[in-house]
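Below is one structure; the comments refer to it alone.
The values are calculated or read from the model by the stated rules, or taken from the named source; none is laboratory data. Predicted, not measured: the structure shown is a model, and the values here were computed from it. Using ideal geometry, Cβ is built from the backbone for each residue, glycine included, and neighbour counts are taken over all protein chains shown.
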Amino acid sequence: LTSKRYQVKRGKYNEINEENIKFFTELLGPHRIIEGESELEGHNTDWLDTVRGASSVLLKPKTTEEVSAILSYCNQHRLAVCPQGGNTGLVGGSVPVFDEIIISTNLMNKVENVDTWSGVVTCQSGCVLEALDQHVADFGLMVPLDLGAKGSCHIGGNVSTNAGGLRLLRYGSLHGSVLGVEAVLASGEVIDCMTAMKKDNTGYDLKHLFIGSEGTLGLVTKIAIHCPPRPQAVNLALLGLSTYENVLKTYVAAKSKLGEILSSCEFIDRSSLECVEENLKLKPPISSHEYYMLIETSGSNGTHDEEKLNIFLEDVLGSGIVDDGTVASEPSRMLHIWGLRERIAEALHHEGYTYKYDISTPLSHFYKMVEDMRKHLGSKIIRCCGYGHIGDGNLHLNITTDEFDKEVLNRIEPAVYEWTSKVNGSISAEHGLGFKKRNYIHYSKSSGAVTLMKQMKKLLDPNGILNPYKVLPDE
Ligand code: FAD
Ligand code: 2HG
Ligand code: ZN
């Protein structure tokens, strides 16, 4: 169990009893309360298979009112809960640590409204990201967030982790595109911040409390999100490069030559792509290089975009900063190329245990981290690789061994956090702190800021029933 490996002590919560089960069964009916070890196995284990809880009950509310009744009851009876969306989180936040009751948003998947004039979708928090995007596509819109887990993650999980993803470079963070949030506090009180306006300066903008707080301040039940027009022309280039300096030069050239049509700029190193080739048997459409970049353009006029992209490519290929490249505009080829990038996490998972770091750094230091770590770890590991959202200064540093090795972990941590802090980076750029990173918060936040976070938690969840052992450091 996770609690043993991480040496964490259970809080003073009550254990669930027959009377509690009776209450939940009366509230939800017998089919929306799930019990039993095997039925809950997948919900007790995280996507990475690195942390495991021991919950014996999962609840599936359908409405805000049901969530409110559940939380109010749990608060009165001092029962701890763990909100869960698609369970694709990468920091151990989405699974219980002990026996917390799992509240799943699986059945909260109604799209309530699409305002086609303003481009705003209003929906429940359990909508699967990809399904929501397909829904708004019928209205010529797109959800301004895309990530490899889109087929499973829920929009409520995305909001609760403030997920970044592949197009943050173009559309900005969810703090910008989420216009409204409805959330239920630990007490059961429903906080309605569901305005769907872009501008609203009437006092504190409370919805931001729930964006990125990973289920520790409230359970998000509804969301209004601004959806830009779906682009009519999309092109994707996969480039091969031989030095990291040339990667940086290419990024600068992409910004200046592609301007407003640049919609994604991603980075992959040789080892990451080899991992996808070896473990998933996917074949890249260009030959092998030290570094790769994916550059996507999205716009409203195909001819205009292609002209711009060609000028950019002539420039970077002509001057020799890019060695090789291919461009795709047919959906199937683009999907294949995106698969090489989006499925790296899955490919790494095939190797056994993954030590995963999600770091913001100044671009001048971005790849040095991978090189230093590789040297530091020597032959004790299978792979140390780097990839990520270079356009946002967000590196995904990943290390694999065939099984969990405490010695390897001790060589990586806290060195990785010290290094990040030295360059004024963030120890969690987009995945959050969850369970695994909470005690390293001080590397990225001042003690004053952490104290204020604790005070806010106390105010909103005085009994600490909402996702305990997550985000906030141990006392
Ligand atoms: P879960 O994993 O179920 O939960 C995540 C956290 O949010 C937990 O703390 C949980 O308690 C809380 N939570 C969930 N729903 C609610 C709710 N309704 N109210 C309150 N709290 C809630 N992340 C990125 O940022 N960018 C990426 O590019 C990216 N790519 C990924 C690719 C893969 C293949 C995988 C497996 C993961 C990736 N992730 C990425 C991480 C993960 O997908 C995101 O963090 C995602 O937003 C989590 O959504 P979820 O519905 O799965 O949430
Ligand atoms: C991605 O960008 C995800 O693919 C996962 O954020 C990152 O596996 C990782 O380290
Ligand atoms: Zn990412």
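It is to be established whether one or more residues within the stretch 209-221 are more than 18 Å from the chain's Cα centre (by Cα) and charged (D, E, K, R).
no
For the stretch 376-432, name all the residues that are under 18 Å from Tyr6 (Cβ atoms), among the small types (Gly, Ala, Ser) and touching a helix residue (DSSP H, G or I) at 6+ places or on another chain (Cβ under 7 Å).
Correct list: Gly432 only.
Could you list, ordered by first residue, the pairs with Cβ atoms under 8 Å in which the first is in the stretch 218-230 and under 9 Å from Leu141 (Cα atoms) and the second is of a type in the set (Ser, Thr, Tyr) and assigned to a loop (DSSP other than H, G, I, E, B), at least 6 apart or interchain?
Final answer for the pair search is Pro229/Ser300.
Looking at the stretch 408-439 only, could you name the residues that are in contact with a Lys or Arg (Cβ under 6 Å, 6 or more places away or on another chain) and away from ligand 1 (no atom under 16 Å from the Cβ)?
Val408, the sole residue that qualifies.
Mind checking which pairs have a first residue in the stretch 392-419 that is closer than 14 Å to Leu348 by Cβ and a second that is surrounded by 14 or more Cβ atoms within 10 Å (Cβ to Cβ) and polar (S, T, N, Q), Cβ under 6 Å, 6 or more apart or different chains?
Asn398/Thr354; Thr400/Thr354
Considering only residues that are within 20 Å of Ile390 (Cα to Cα) and crowded, with 17+ Cβ neighbours inside 10 Å, which ones fall in the stretch 323-346?
Result: Asp323, Gly325, Val327, Met334, Ile337, Trp338, Leu340, Arg341, Glu342, Arg343, Ile344, Ala345.
Could you run through the stretch 314-340 and say how many residues are of a type in the set (Ser, Thr, Tyr) and either not assigned by TED's automatic domain parsing to the domain that holds Glu245 or not in a loop (DSSP other than H, G, I, E, B) (or both)?
Of the residues in the stretch 314-340, 2 are of a type in the set (Ser, Thr, Tyr) and either not assigned by TED's automatic domain parsing to the domain that holds Glu245 or not in a loop (DSSP other than H, G, I, E, B) (or both).
Identify all residues within the stretch 193-210 that are away from ligand 1 (no atom under 14 Å from the Cβ) and either outside the structural domain of Asp115 (by TED's automatic domain parsing) or among the basic types (Lys, Arg) (or both); write none if there are none.
Lys198, Lys199 - these are the residues of the stretch 193-210 that are away from ligand 1 (no atom under 14 Å from the Cβ) and either outside the structural domain of Asp115 (by TED's automatic domain parsing) or among the basic types (Lys, Arg) (or both).
Residue-wise test of (1) over 24 Å from Asn109 (Cα atoms); (2) of a type in the set (D, E, K, R); (3) in contact with a Gly (Cβ under 8 Å, 6 or more places away or on another chain).
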position	(1), (2), (3)
Gly172	yes, no, no
Val184	no, no, yes
Ile191	no, no, yes
Thr195	no, no, yes
Tyr204	yes, no, no
Ser213	no, no, no
Arg230	no, yes, yes
Lys249	yes, yes, no
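Which of the residues that make up the stretch 150-204 are over 22 Å from Leu466 (Cα atoms), among the hydroxyl-bearing types (Ser, Thr, Tyr) and more than 16 Å from ligand 3 (Cβ to nearest atom)?
Those that are over 22 Å from Leu466 (Cα atoms), among the hydroxyl-bearing types (Ser, Thr, Tyr) and more than 16 Å from ligand 3 (Cβ to nearest atom): Ser177, Thr195, Thr202, Tyr204.
Kindly establish whether Pro61 is more than 27 Å from the chain's Cα centre (by Cα) and farther than 19 Å from Glu15 by Cα.
no
Looking at (1) away from ligand 1 (no atom under 16 Å from the Cβ); (2) within 30 Å of Leu238 (Cα to Cα), which one does Asn394 not meet, given that it meets all the others?
(1)
Which ones in the stretch 132-150 are small (Gly, Ala, Ser) and within 9 Å of ligand 1 (Cβ to nearest atom)?
Those that are small (Gly, Ala, Ser) and within 9 Å of ligand 1 (Cβ to nearest atom): Gly148, Ala149.
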